[in-house]
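Take a look at the structure below.
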Amino acid sequence: MSSAVQLAAATGHGLAAPGHGFLSPTGVEIAFLLVGLATLGAAVVTVTTRQLVHAALWLVVTLGGLAVEYLLLTAEFIAWVQVLIYVGSVVVLLLFGLMLTKAPIGRSPDADSGNRPAALAVALAAAAALVWVVVDAFRTTWIDLDKGVQGSTAVSGESLFRHWVLPFEALSVLLLAALVGAIVLSRRNGDTGGTSGTTGTGGTGGDKGAPTRGKEKR
Amino acid sequence: MHLAYPAVLAVLLFCTGLYGVLARRNAILVLMSVELMLNAVNLNLVAFDVWLRDTLHAGQALTLFAIAIAAAEIGIGLAIVLLVHRNRGTADVDRLRDLADPPPAGTPAADDSVTAPTDNGADEATPVRRQTA
């Protein structure tokens, strides 16, 4: 019986020699590579495009691709949380922010600042160093994806509410603080808007400066 | 799956976000690049959690916490950017030079790009101060 299982395993793995083939990727690896290329390409377009709204839309592709990568790594719950929070709310917030700051719709010539060559040099140097280190460190390491699902909703919820309850509650307090802080920050001065004396003149002075500055920018 | 695949992808995403943070001028695009860097870290956390088979699921729990903190961060960051835009009329990070060192007096070469924003900032510092008072 055991020899039959071993035979089946051997024929099942086929040419992938002892356990893992370095140059014979499995299907999951190929899928991960393809989705990763799409994700990386969308990320590069996000940071290089000159159309601000398109950057936000390419960010959707990047975050969605990352959700697929989480699914391939058997972390289902993280994947759906990623779709819900990032694609669902963060990108919508960013789009609202772009429109509330009167972002130009077409190509804006000053989307990149003057230190682009320095930024490119820093990013390429960091990428080269980190890729070298990571590949050298994990050359002989494989993730065993067949040994049960690691991140299903049941497993994640159980560990979250059994071992991580205190950070979870602290995080809810932090979210509440962030909510209150965002409301306080984005409210105009005072409840009464611009009707009160001194703060009203200050507010209108600030608002009067704003449109001229915006026109001057365009 | 070879562990190098998610690790290298996370590294490349992080460096893309790093380039975006350094090279972008609009504050909201800088926030988008910060999101890219945070996502790269999340991918690393998930990959190493699946690799190590942690019994406490520390990696995935930390990923969830990082996602929640990133949501809070983007909310506060956008509120600050909107406030700056309301007070200044611009959301460009390299025009907000109130805290920058004044340019040295003997170098008129870089004046075009440096002194004009600082002068604007000095003019506009008064409504900001009045508003917070």
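The values are calculated or read from the model by the stated rules, or taken from the named source; none is laboratory data. Please read these numbers as outputs of a predicted model, since none were measured by experiment. Ideal geometry is used to build each Cβ from the backbone, glycine not excepted, and the neighbour counts take in all protein chains shown. The protein model used for the area step is the full one, side chains on, heavy atoms only, and it has no ligands, DNA or RNA in it. Shrake-Rupley method; radii C 1.70, N 1.55, O 1.52, S 1.80 Å.
Taking the mean number of other Cβ atoms within 10 Å as a proxy for protection, how do you rank B:66-72, B:87-93 from highest to lowest? It would help to have the intermediate numbers written out before the result.
Working: B:66-72: 17.9, B:87-93: 21.3.
My ranking of the peptides, most packed first, is B:87-93, B:66-72.
May I ask for the net charge around B:Leu13, where only other residues with Cβ less than 15 Å from the Cβ of B:Leu13 are counted and Lys, Arg are +1 while Asp, Glu are -1?
Details: positive: none; negative: A:Glu69, B:Glu35.
Result for the neighbourhood of B:Leu13: -2.
Based on the alpha-carbon set only, what is the convex hull volume of segment B:4-93 divided per residue, in Å³? Numbers along the way, then the final one.
Working: hull volume 5.4 nm³, N = 90.
Output value, Cα hull per residue: 60 Å³.
Within 10 Å of each Cβ of A:161-170, how many other protein chain Cβ atoms are there on average?
Numbers: counts 0, 2, 5, 8, 0, 0, 4, 4, 0, 1.
Rounded to a whole number, the mean comes out at 2.
Across segment A:44-55, in residue order, what do the Karplus-derived ³J(HN,Hα) couplings come to in whole Hz, using 6.51 cos²θ - 1.76 cosθ + 1.60 with θ = phi - 60° and x for Gly and Pro?
Values, residue by residue: 5, 5, 4, 8, 10, 5, 9, 9, 5, 5, 5, 4 Hz.
For labels at B:Ile69 and B:Arg53 in the simple 7 Å Cα→Cβ model, what's the distance in nm?
Label-label distance for B:Ile69 and B:Arg53, simple model: 2.9 nm.
Using Cα pairs closer than 8 Å and at least 6 residues apart in sequence, work out the relative contact order for segment A:25-110, in percent. Mind showing how you got there, number by number?
Details: 76 pairs, mean separation 28.0, N = 86.
In percent, rounded to a whole number, it is 33.
Just to be sure I understand: if you take the accessible area of chain B alone plus chain A alone and subtract the pair, with a 1.4 Å probe, what total do you get in Å², rounded to 100?
Values: alone 9530 and 16630 Å², together 18180 Å².
The B and A chains share an interface burying roughly 8000 Å².
Tally Lys and Arg at +1 and Asp and Glu at -1 over the other residues with C-beta under 14 Å from the C-beta of B:Asn42: what net charge comes out? Provide the component values of the computation, followed by the final result.
Working: positive: none; negative: A:Glu69, B:Glu35, B:Asp49, B:Glu73.
The answer is -4.
For segment A:25-110, what D do you get in µm² per second when you plug the Kirkwood radius from alpha-carbon pairs into Stokes-Einstein at 20 °C and 1.002 mPa s? Could you put the intermediate results ahead of the total?
Details: Rh = 13.8 Å.
Estimated via Stokes-Einstein, D reaches 155 µm²/s.
Carbon and sulfur: what percent of segment B:4-93's accessible surface (1.4 Å probe)? Don't skip to the end; give the middle numbers.
On the way: 1910 of 2460 Å².
Carbon and sulfur: 77 percent of the exposed surface of segment B:4-93.
Taking +1 at the Cβ of each Lys and Arg and -1 at the Cβ of each Asp and Glu, which of B:Asn42, B:Phe14, B:Asn87 sits farthest along the dipole of segment B:4-93 towards its positive end, judged by Cα position relative to the Cα centre?
B:Asn87
Applying 1/(1 + (r/R0)^6) with R0 = 41 Å to the Cβ-Cβ distance of A:Arg162 and A:Ile105, what FRET efficiency is obtained, to the nearest 0.05?
Values: r = 50 Å, r/R0 = 1.21.
My answer for the efficiency is 0.25.
Roughly how much of B:Tyr19 is accessible, in Å² to the nearest 10, using a 1.4 Å probe?
20
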